[in-house]
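Accompanying notes for the structure given below.
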Amino acid sequence: MTLLDTFFRSAPSTRGAHRSKLSTLNRLYDLFHQRQVLSKLGKDALRDIGVSQHDAANEARRPFWDVPSTWRD
């Protein structure tokens, strides 16, 4: 399966309506933005959400097209 197949394939009927390409692009932008915000959180904020600085840095470095595995199901 290619990257484009992952993002633009039809959603399974059990998940509801087909996701539009615009919706997919919005989700990718949101993911990019979340990773940018994560990279700027301080030590105390990361501790509050239960994420180590190392894990936060690793997640923030991931490219926007490297989506969570739950998106690929």
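All of the numbers you see were taken from the coordinates with simple rules; none came from a lab. On a predicted model such as this, the values are computed, not experimentally measured, just so you know.
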Query - Net lengthening on full extension, TRP71/LEU25 (0.36 nm per residue, minus Cα-Cα) - result: 15.3 nm
**Report entry** Gain upon complete extension [PHE64, VAL51; 0.36 nm per residue less C-alpha separation]
**Finding:** 2.7 nm
